Amino acid sequence: MSIGKALFLGSLILFLLFVGVFVGIGKLGGGFEYEPEDMNRGLSARAKGLIAQAYKGLDENEIMDYHTHIVGMGEVPGQTWVNPNLLTTWNPMKLVRRHVYMEAGGVTSIRHADSQFINRLLRLIRGTGHKGKYAILGFDRNYNKDGSRNDPGTEFSVSNAYIFQLSEKYPDYFRPVISVHPYRKDALAALRRGASKGARLVKWLPNAMGIDPSDPLCIPFYDAMRELGMSLLSHAGEEKAVTSEGSQKFGNPLRIRSALNRGVKVVVAHGASRGTGEDLDPPDKPMVENFDLFIRLMEEPQYQKLLFADISALTLYHRIRKPLRTLLEREDLHSRLINGSDYPLPAINFLIQTGTMVELGYIDAEERAALNEIYHYNPLLFDFVLKRTLSHPITNKGFSHSVFMRNRLLDGD
(Lines give C-alpha, C1' and ligand atoms only; values in the text may rest on other atoms or scores of the structure.)
Protein backbone atom coordinates (compact mmCIF):
# COMPACT_ATOMS: atom_id res chain seq x y z
CA MET A 1 0.00 0.00 0.00
CA SER A 2 1.35 3.43 -0.88
CA ILE A 3 2.03 6.06 1.79
CA GLY A 4 -0.69 8.24 0.26
CA LYS A 5 -3.31 5.51 0.53
CA ALA A 6 -2.22 4.69 4.09
CA LEU A 7 -2.58 8.31 5.13
CA PHE A 8 -5.98 8.51 3.46
CA LEU A 9 -7.25 5.35 5.19
CA GLY A 10 -5.84 6.51 8.50
CA SER A 11 -7.62 9.83 8.16
CA LEU A 12 -10.83 8.07 7.17
CA ILE A 13 -10.68 5.80 10.22
CA LEU A 14 -10.05 8.78 12.52
CA PHE A 15 -12.95 10.62 10.91
CA LEU A 16 -15.32 7.67 11.39
CA LEU A 17 -14.22 7.33 15.01
CA PHE A 18 -14.84 11.02 15.43
CA VAL A 19 -18.32 10.72 13.96
CA GLY A 20 -19.12 8.06 16.55
CA VAL A 21 -17.93 10.29 19.36
CA PHE A 22 -19.75 13.21 17.75
CA VAL A 23 -23.06 11.38 17.78
CA GLY A 24 -22.48 10.37 21.38
CA ILE A 25 -21.98 13.92 22.62
CA GLY A 26 -24.80 15.44 20.62
CA LYS A 27 -26.90 15.86 23.74
CA LEU A 28 -24.35 18.16 25.39
CA GLY A 29 -26.28 21.00 23.81
CA GLY A 30 -30.04 20.68 23.72
CA GLY A 31 -31.45 17.19 23.83
CA PHE A 32 -34.35 18.33 25.98
CA GLU A 33 -36.93 15.78 27.00
CA TYR A 34 -40.09 17.86 26.58
CA GLU A 35 -41.56 20.75 24.62
CA PRO A 36 -42.05 24.18 26.22
CA GLU A 37 -45.75 24.16 25.31
CA ASP A 38 -46.28 21.07 27.50
CA MET A 39 -44.73 22.56 30.61
CA ASN A 40 -47.88 23.58 32.46
CA ARG A 41 -49.41 20.15 32.39
CA GLY A 42 -46.14 18.29 32.84
CA LEU A 43 -44.49 20.09 35.76
CA SER A 44 -44.92 19.04 39.35
CA ALA A 45 -46.65 21.33 41.84
CA ARG A 46 -43.26 21.94 43.44
CA ALA A 47 -41.76 23.21 40.16
CA LYS A 48 -44.79 25.38 39.42
CA GLY A 49 -44.51 26.88 42.89
CA LEU A 50 -40.86 27.75 42.30
CA ILE A 51 -41.78 29.55 39.07
CA ALA A 52 -44.52 31.53 40.82
CA GLN A 53 -42.11 32.48 43.58
CA ALA A 54 -39.55 33.67 41.02
CA TYR A 55 -41.98 36.24 39.61
CA LYS A 56 -43.17 37.46 43.01
CA GLY A 57 -42.22 41.07 43.72
CA LEU A 58 -41.55 41.93 40.07
CA ASP A 59 -43.52 44.13 37.69
CA GLU A 60 -43.82 41.72 34.77
CA ASN A 61 -44.12 44.60 32.31
CA GLU A 62 -40.66 45.78 33.39
CA ILE A 63 -38.80 42.47 33.37
CA MET A 64 -35.77 42.59 31.05
CA ASP A 65 -33.22 40.14 29.74
CA TYR A 66 -30.42 42.39 28.49
CA HIS A 67 -28.24 39.69 26.93
CA THR A 68 -29.96 37.43 24.38
CA HIS A 69 -27.92 36.27 21.41
CA ILE A 70 -29.29 35.87 17.91
CA VAL A 71 -27.33 33.54 15.65
CA GLY A 72 -27.71 32.21 12.15
CA MET A 73 -25.87 30.71 9.22
CA GLY A 74 -26.81 32.96 6.35
CA GLU A 75 -30.26 31.64 5.52
CA VAL A 76 -30.97 35.08 4.08
CA PRO A 77 -27.78 36.66 2.70
CA GLY A 78 -26.75 39.83 4.51
CA GLN A 79 -28.63 39.06 7.72
CA THR A 80 -26.25 36.59 9.29
CA TRP A 81 -22.88 35.16 8.31
CA VAL A 82 -20.66 32.33 9.52
CA ASN A 83 -17.02 31.87 8.62
CA PRO A 84 -16.78 28.88 6.25
CA ASN A 85 -14.03 27.47 8.48
CA LEU A 86 -16.66 26.86 11.12
CA LEU A 87 -18.64 24.71 8.70
CA THR A 88 -15.83 22.47 7.56
CA THR A 89 -15.87 18.79 8.50
CA TRP A 90 -12.06 18.71 8.60
CA ASN A 91 -11.74 20.63 11.87
CA PRO A 92 -13.14 18.28 14.54
CA MET A 93 -13.14 20.79 17.38
CA LYS A 94 -15.01 23.43 15.41
CA LEU A 95 -17.41 20.82 14.10
CA VAL A 96 -18.23 19.64 17.62
CA ARG A 97 -18.63 23.21 18.84
CA ARG A 98 -20.95 24.05 15.95
CA HIS A 99 -23.07 20.99 16.60
CA VAL A 100 -23.38 21.78 20.32
CA TYR A 101 -24.56 25.32 19.57
CA MET A 102 -27.01 24.04 16.98
CA GLU A 103 -28.45 21.53 19.45
CA ALA A 104 -28.73 24.23 22.12
CA GLY A 105 -30.54 26.60 19.79
CA GLY A 106 -32.97 24.00 18.47
CA VAL A 107 -31.36 23.99 15.01
CA THR A 108 -31.46 20.79 12.97
CA SER A 109 -30.72 22.20 9.51
CA ILE A 110 -27.91 24.51 8.45
CA ARG A 111 -30.03 25.60 5.51
CA HIS A 112 -32.85 26.76 7.81
CA ALA A 113 -30.76 27.58 10.87
CA ASP A 114 -31.80 31.23 11.20
CA SER A 115 -35.55 30.64 11.18
CA GLN A 116 -35.28 27.53 13.36
CA PHE A 117 -33.27 29.44 15.96
CA ILE A 118 -35.80 32.27 16.11
CA ASN A 119 -38.76 29.89 16.22
CA ARG A 120 -37.22 27.99 19.12
CA LEU A 121 -36.45 31.21 21.01
CA LEU A 122 -40.00 32.50 20.51
CA ARG A 123 -41.44 29.19 21.73
CA LEU A 124 -39.32 29.38 24.87
CA ILE A 125 -40.34 32.99 25.55
CA ARG A 126 -44.03 32.26 25.02
CA GLY A 127 -43.67 29.11 27.07
CA THR A 128 -42.78 31.10 30.18
CA GLY A 129 -46.37 32.27 30.39
CA HIS A 130 -45.14 35.64 31.64
CA LYS A 131 -44.36 39.04 30.23
CA GLY A 132 -40.95 40.62 29.86
CA LYS A 133 -38.68 41.64 27.01
CA TYR A 134 -35.42 40.40 25.58
CA ALA A 135 -32.64 42.65 24.30
CA ILE A 136 -31.40 40.84 21.18
CA LEU A 137 -27.81 41.45 20.17
CA GLY A 138 -26.26 42.30 16.85
CA PHE A 139 -22.67 41.19 16.33
CA ASP A 140 -20.36 43.12 14.02
CA ARG A 141 -17.43 41.69 12.11
CA ASN A 142 -13.77 42.01 13.04
CA TYR A 143 -12.10 45.08 11.51
CA ASN A 144 -8.49 46.16 11.13
CA LYS A 145 -7.27 49.50 12.43
CA ASP A 146 -7.22 50.93 8.91
CA GLY A 147 -10.98 50.35 8.68
CA SER A 148 -10.77 47.33 6.40
CA ARG A 149 -12.87 44.27 7.16
CA ASN A 150 -11.07 41.26 8.62
CA ASP A 151 -13.22 38.34 7.48
CA PRO A 152 -10.60 35.66 8.27
CA GLY A 153 -10.60 36.95 11.85
CA THR A 154 -14.40 36.95 12.06
CA GLU A 155 -16.15 33.82 13.29
CA PHE A 156 -19.72 35.00 12.70
CA SER A 157 -21.77 38.17 12.38
CA VAL A 158 -25.37 39.26 12.90
CA SER A 159 -26.39 42.43 11.09
CA ASN A 160 -28.12 45.35 12.75
CA ALA A 161 -30.69 45.29 9.96
CA TYR A 162 -31.68 41.76 10.99
CA ILE A 163 -31.92 42.78 14.65
CA PHE A 164 -34.23 45.68 13.76
CA GLN A 165 -36.30 43.44 11.49
CA LEU A 166 -36.87 40.96 14.31
CA SER A 167 -37.63 43.71 16.83
CA GLU A 168 -40.16 45.29 14.49
CA LYS A 169 -41.77 41.93 13.74
CA TYR A 170 -41.98 40.87 17.40
CA PRO A 171 -42.20 44.13 19.39
CA ASP A 172 -43.86 42.42 22.35
CA TYR A 173 -40.75 40.31 22.90
CA PHE A 174 -37.63 41.91 21.45
CA ARG A 175 -35.66 45.13 21.84
CA PRO A 176 -32.79 45.89 19.45
CA VAL A 177 -29.14 46.12 20.51
CA ILE A 178 -26.87 47.13 17.67
CA SER A 179 -23.22 46.22 17.19
CA VAL A 180 -20.87 48.67 15.50
CA HIS A 181 -17.11 48.22 15.30
CA PRO A 182 -15.44 51.57 16.10
CA TYR A 183 -12.70 51.04 13.49
CA ARG A 184 -15.21 50.94 10.64
CA LYS A 185 -14.95 53.88 8.26
CA ASP A 186 -18.70 54.40 8.57
CA ALA A 187 -18.80 53.71 12.33
CA LEU A 188 -20.29 57.06 13.37
CA ALA A 189 -22.89 56.98 10.61
CA ALA A 190 -23.89 53.42 11.57
CA LEU A 191 -24.12 54.45 15.23
CA ARG A 192 -26.37 57.40 14.45
CA ARG A 193 -28.49 55.28 12.14
CA GLY A 194 -29.05 52.76 14.94
CA ALA A 195 -29.89 55.48 17.45
CA SER A 196 -32.41 57.04 15.07
CA LYS A 197 -34.21 53.68 14.90
CA GLY A 198 -34.48 53.41 18.66
CA ALA A 199 -31.41 51.43 19.75
CA ARG A 200 -30.01 52.46 23.11
CA LEU A 201 -27.32 49.82 23.58
CA VAL A 202 -24.24 48.89 21.54
CA LYS A 203 -22.78 45.38 21.86
CA TRP A 204 -19.04 44.68 21.72
CA LEU A 205 -17.02 41.53 22.25
CA PRO A 206 -13.55 43.10 22.04
CA ASN A 207 -11.62 39.82 22.27
CA ALA A 208 -13.35 38.38 19.19
CA MET A 209 -14.01 41.59 17.27
CA GLY A 210 -10.45 42.91 17.58
CA ILE A 211 -11.38 46.06 19.49
CA ASP A 212 -9.01 47.64 21.99
CA PRO A 213 -11.41 49.69 24.14
CA SER A 214 -8.49 51.88 25.29
CA ASP A 215 -7.43 52.73 21.73
CA PRO A 216 -7.55 56.48 20.96
CA LEU A 217 -9.29 55.51 17.72
CA CYS A 218 -12.38 54.81 19.85
CA ILE A 219 -12.65 58.32 21.33
CA PRO A 220 -14.79 59.85 18.52
CA PHE A 221 -17.06 56.84 18.81
CA TYR A 222 -17.39 57.29 22.58
CA ASP A 223 -18.13 60.97 22.18
CA ALA A 224 -20.87 60.20 19.67
CA MET A 225 -22.34 57.58 21.98
CA ARG A 226 -22.48 60.06 24.84
CA GLU A 227 -24.13 62.69 22.66
CA LEU A 228 -26.71 60.16 21.45
CA GLY A 229 -27.44 58.90 24.97
CA MET A 230 -26.31 55.36 24.12
CA SER A 231 -24.72 52.82 26.46
CA LEU A 232 -22.10 50.17 25.75
CA LEU A 233 -22.64 46.49 26.58
CA SER A 234 -19.12 45.10 26.36
CA HIS A 235 -17.76 41.68 27.19
CA ALA A 236 -14.85 41.74 29.62
CA GLY A 237 -12.66 38.93 30.87
CA GLU A 238 -11.44 35.90 28.98
CA GLU A 239 -13.57 34.76 26.05
CA LYS A 240 -14.04 31.06 25.26
CA ALA A 241 -17.36 30.80 23.40
CA VAL A 242 -16.03 32.66 20.33
CA THR A 243 -12.52 32.27 18.94
CA SER A 244 -10.36 35.13 20.25
CA GLU A 245 -6.81 34.02 19.52
CA GLY A 246 -4.26 36.75 20.21
CA SER A 247 -6.81 39.30 21.45
CA GLN A 248 -7.66 38.13 24.98
CA LYS A 249 -5.90 41.21 26.38
CA PHE A 250 -8.70 43.35 24.94
CA GLY A 251 -11.00 41.78 27.55
CA ASN A 252 -9.12 43.49 30.37
CA PRO A 253 -11.83 45.49 32.19
CA LEU A 254 -9.40 48.34 32.93
CA ARG A 255 -9.35 49.12 29.22
CA ILE A 256 -12.93 50.38 29.38
CA ARG A 257 -11.83 53.35 31.49
CA SER A 258 -11.40 55.24 28.23
CA ALA A 259 -15.14 54.98 27.55
CA LEU A 260 -16.08 55.80 31.14
CA ASN A 261 -13.79 58.83 31.15
CA ARG A 262 -15.64 60.15 28.09
CA GLY A 263 -18.92 59.92 30.01
CA VAL A 264 -20.25 56.75 28.36
CA LYS A 265 -22.32 54.34 30.44
CA VAL A 266 -20.80 50.87 30.21
CA VAL A 267 -22.25 47.48 31.11
CA VAL A 268 -19.52 44.92 31.74
CA ALA A 269 -20.92 41.59 30.55
CA HIS A 270 -20.52 38.70 32.99
CA GLY A 271 -18.80 41.02 35.47
CA ALA A 272 -15.48 40.16 33.78
CA SER A 273 -15.72 36.91 35.70
CA ARG A 274 -13.18 34.80 33.86
CA GLY A 275 -9.43 34.74 33.31
CA THR A 276 -6.63 37.09 34.29
CA GLY A 277 -5.49 40.41 32.92
CA GLU A 278 -2.58 42.77 33.26
CA ASP A 279 -3.04 45.24 36.10
CA LEU A 280 -2.42 48.45 34.19
CA ASP A 281 -2.23 50.65 37.30
CA PRO A 282 1.03 49.71 39.12
CA PRO A 283 4.41 50.07 37.37
CA ASP A 284 5.20 46.33 37.42
CA LYS A 285 1.81 45.44 35.86
CA PRO A 286 1.24 42.04 37.51
CA MET A 287 -1.36 39.57 36.25
CA VAL A 288 -4.57 39.81 38.31
CA GLU A 289 -7.96 38.12 38.09
CA ASN A 290 -10.15 40.11 35.68
CA PHE A 291 -12.99 39.92 38.18
CA ASP A 292 -10.86 41.71 40.80
CA LEU A 293 -10.01 44.43 38.28
CA PHE A 294 -13.72 44.81 37.55
CA ILE A 295 -14.57 45.15 41.25
CA ARG A 296 -11.88 47.83 41.56
CA LEU A 297 -13.57 49.81 38.80
CA MET A 298 -16.98 49.41 40.42
CA GLU A 299 -15.57 50.85 43.65
CA GLU A 300 -14.14 53.98 42.01
CA PRO A 301 -16.49 56.85 43.01
CA GLN A 302 -16.32 58.66 39.66
CA TYR A 303 -17.90 55.68 37.91
CA GLN A 304 -20.85 55.08 40.22
CA LYS A 305 -23.39 56.39 37.72
CA LEU A 306 -21.55 55.16 34.65
CA LEU A 307 -20.41 51.59 35.29
CA PHE A 308 -22.80 48.63 35.41
CA ALA A 309 -22.59 44.87 34.92
CA ASP A 310 -24.84 42.07 33.77
CA ILE A 311 -25.07 38.74 35.56
CA SER A 312 -25.28 36.69 32.37
CA ALA A 313 -23.39 33.37 32.53
CA LEU A 314 -22.69 33.74 36.27
CA THR A 315 -24.59 30.52 36.92
CA LEU A 316 -22.46 28.50 34.50
CA TYR A 317 -20.14 26.07 36.27
CA HIS A 318 -16.89 28.02 35.81
CA ARG A 319 -18.29 31.22 37.36
CA ILE A 320 -20.36 29.99 40.31
CA ARG A 321 -17.69 30.25 42.95
CA LYS A 322 -16.00 33.60 43.63
CA PRO A 323 -17.78 35.82 41.05
CA LEU A 324 -21.34 34.69 41.83
CA ARG A 325 -20.79 34.59 45.58
CA THR A 326 -19.16 38.02 45.64
CA LEU A 327 -21.89 39.75 43.63
CA LEU A 328 -24.58 38.16 45.79
CA GLU A 329 -23.01 39.51 48.96
CA ARG A 330 -22.23 42.96 47.50
CA GLU A 331 -25.74 44.33 47.94
CA ASP A 332 -24.29 47.82 47.53
CA LEU A 333 -23.71 46.99 43.85
CA HIS A 334 -27.11 45.45 43.09
CA SER A 335 -28.59 48.70 41.80
CA ARG A 336 -25.91 48.61 39.09
CA LEU A 337 -26.49 45.01 38.05
CA ILE A 338 -28.84 43.86 35.29
CA ASN A 339 -29.96 40.39 34.26
CA GLY A 340 -29.08 38.61 31.06
CA SER A 341 -29.52 34.99 30.03
CA ASP A 342 -26.69 34.84 27.48
CA TYR A 343 -29.03 32.51 25.55
CA PRO A 344 -28.33 29.99 24.01
CA LEU A 345 -25.58 29.22 26.55
CA PRO A 346 -28.05 28.12 29.28
CA ALA A 347 -29.25 25.46 26.83
CA ILE A 348 -25.79 23.84 26.68
CA ASN A 349 -26.24 21.05 29.18
CA PHE A 350 -22.70 20.51 30.39
CA LEU A 351 -22.35 24.19 31.37
CA ILE A 352 -25.11 23.81 33.97
CA GLN A 353 -24.25 21.94 37.18
CA THR A 354 -27.09 22.26 39.66
CA GLY A 355 -25.57 19.51 41.81
CA THR A 356 -22.50 21.65 42.39
CA MET A 357 -24.75 24.59 43.26
CA VAL A 358 -26.31 22.45 46.00
CA GLU A 359 -22.85 21.55 47.29
CA LEU A 360 -21.88 25.22 47.36
CA GLY A 361 -25.04 26.18 49.25
CA TYR A 362 -26.77 28.32 46.64
CA ILE A 363 -29.85 26.08 46.38
CA ASP A 364 -31.12 23.06 48.29
CA ALA A 365 -31.85 19.57 46.99
CA GLU A 366 -35.60 20.17 46.60
CA GLU A 367 -35.01 23.36 44.66
CA ARG A 368 -32.54 21.53 42.46
CA ALA A 369 -35.09 18.83 41.62
CA ALA A 370 -37.69 21.44 40.69
CA LEU A 371 -35.19 23.46 38.64
CA ASN A 372 -34.09 20.37 36.75
CA GLU A 373 -37.73 19.71 35.86
CA ILE A 374 -38.06 23.21 34.45
CA TYR A 375 -34.82 22.86 32.50
CA HIS A 376 -36.03 19.91 30.47
CA TYR A 377 -38.99 21.97 29.25
CA ASN A 378 -37.56 25.47 29.01
CA PRO A 379 -33.86 26.31 29.60
CA LEU A 380 -34.53 30.02 29.15
CA LEU A 381 -37.09 30.03 31.95
CA PHE A 382 -34.77 27.82 34.00
CA ASP A 383 -32.04 30.46 33.80
CA PHE A 384 -34.40 33.12 35.14
CA VAL A 385 -35.89 30.97 37.90
CA LEU A 386 -32.47 29.75 39.01
CA LYS A 387 -31.18 33.32 39.39
CA ARG A 388 -34.31 34.29 41.30
CA THR A 389 -34.07 31.22 43.55
CA LEU A 390 -30.40 31.03 44.47
CA SER A 391 -29.09 32.81 47.55
CA HIS A 392 -25.79 33.48 49.28
CA PRO A 393 -24.67 30.40 51.25
CA ILE A 394 -24.22 32.40 54.47
CA THR A 395 -26.54 35.42 54.32
CA ASN A 396 -29.31 33.53 52.45
CA LYS A 397 -29.97 36.70 50.45
CA GLY A 398 -30.50 36.66 46.69
CA PHE A 399 -30.19 39.29 44.02
CA SER A 400 -32.37 42.36 44.48
CA HIS A 401 -35.63 42.64 42.51
CA SER A 402 -34.20 45.60 40.57
CA VAL A 403 -31.59 43.38 38.89
CA PHE A 404 -34.33 41.68 36.87
CA MET A 405 -36.19 44.77 35.72
CA ARG A 406 -35.54 47.51 33.20
CA ASN A 407 -32.76 49.88 34.21
CA ARG A 408 -33.91 53.35 33.26
CA LEU A 409 -30.43 54.87 33.48
CA LEU A 410 -29.29 52.58 30.66
CA ASP A 411 -32.42 53.20 28.62
CA GLY A 412 -31.81 56.93 28.46
CA ASP A 413 -34.71 57.82 30.76
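Nearest 5 percent is fine: what portion of the DSSP beta bridges confined to the chain is antiparallel?
Percent antiparallel among DSSP bridges in the chain is about 30.
When only the Cβ of Lys, Arg, Asp and Glu is charged (+1, +1, -1, -1), the dipole of the chain relative to its Cα centre reaches about 560 debye. About its Cα centre, region 205-284 has a charge dipole of approximately 320 debye under the convention of +1 per Lys or Arg Cβ and -1 per Asp or Glu Cβ, with nothing else charged. The largest accessible area among Asp292, Asp383 belongs to the first residue in Asp292, Asp383, and the rest follow in falling order (1.4 Å probe, all chains). The smallest convex shape that holds all Cα atoms of region 46-146, its convex hull, gives 162 Å³ per residue.
Per-residue surface analysis assigns Arg141 an accessible area of about 40 Å², computed on protein heavy atoms at 1.4 Å probe radius. For the chain, the solvent-accessible area works out to 43 Å² per residue, with a probe of 1.4 Å and every protein chain left in place.
For region 181-240, applying the loop criterion from DSSP together with a ceiling of 10 other beta carbons within 10 Å to the GluC sites (Glu not before Pro) yields no site.
Near Asn83, the amide H atoms lying under 5 Å from its own belong to Phe156; only residues 5 or more places off or on other chains count, and H is placed 1.01 Å from N. Given a 10 angstrom Cα cut-off, can you work out which residue in Arg200, Arg97, Arg274 is the most mobile in a GNM of the chain? Looking only at Arg200, Arg97, Arg274, the biggest GNM fluctuation is shown by Arg97. Here the scattering of the chain is modelled by Debye summation over its C-alpha atoms, one equal scatterer each and no solvent; at q = 0.08, 0.11 Å⁻¹ the log10 of I(q)/I(0) is -0.43, -0.82. In this structure the amide hydrogen of Lys265, modeled in the peptide plane, comes within under 5 Å of the amide hydrogens of Leu232, none closer than 5 places in sequence on its chain. Under a GNM of the chain (C-alpha, springs under 10 Å), which listed residue has the highest mean-square fluctuation: Tyr377, Tyr34, Tyr173? Answer for the Gaussian network model of the chain: Tyr34. Its alpha carbons considered, region 123-189 gives a radius of gyration followed by a Dmax of 15.1, 48 Å. Computed over the Cα atoms of region 338-413, the ratio of the radius of gyration to the Kirkwood radius (Rg/Rh) comes to 1.01. Distance from the Cα centroid of region 386-409 to that of region 342-364 is 16 Å (rounded to whole angstrom).
When you count the other C-beta atoms within 10 angstrom of each residue and take the mean per peptide, 317-324, 118-125 line up highest first as 118-125, 317-324.
Annotation: amide H-H contacts under 5 Å for Asp279 (H modelled 1.01 Å from N, sequence separation of 5 or more, or interchain): Met287, Val288. Taking a span of 24 Å or more along the helix axis (Cα atoms) and a mean Kyte-Doolittle hydropathy of at least 0.5 as the rule, the DSSP H helices of the chain that qualify are 3-24.
Calculate what fraction, in whole %, of the accessible area of region 146-254 sits on carbon and sulfur atoms when a 1.4 Å probe is rolled over the protein chains. C and S fraction of accessible area: 49 percent. Computed per residue of the chain from DSSP H runs no shorter than four, each worth -39500 (n - 2.57), the mean residue ellipticity at 222 nm is -11000 deg cm²/dmol.
Label separation (Met287 vs Ser335): 3.8 nm, computed from points 7 Å beyond Cα along the C-beta direction. Taking the charge dipole of region 287-339 about its Cα centre, with +1 at Lys and Arg Cβ atoms and -1 at Asp and Glu Cβ atoms, the residue from Thr326, Met287, Leu316 reaching farthest to the positive side is Leu316. The residue list His69, Pro92, Gln116 was ranked by how far each Cα lies along the charge dipole of the chain toward its positive end, using unit charges on Cβ atoms, and Gln116 comes out on top.
The values are calculated or read from the model by the stated rules, or taken from the named source; none is laboratory data. From a predicted model like this one, the values you see are computed outputs, not experimental measurements. Cβ sites come from the backbone with ideal geometry, for glycine too, and all protein chains shown count toward neighbours. Areas reflect the complete protein model, heavy atoms only, side chains present, ligands, DNA and RNA absent. Shrake-Rupley method; radii C 1.70, N 1.55, O 1.52, S 1.80 Å.
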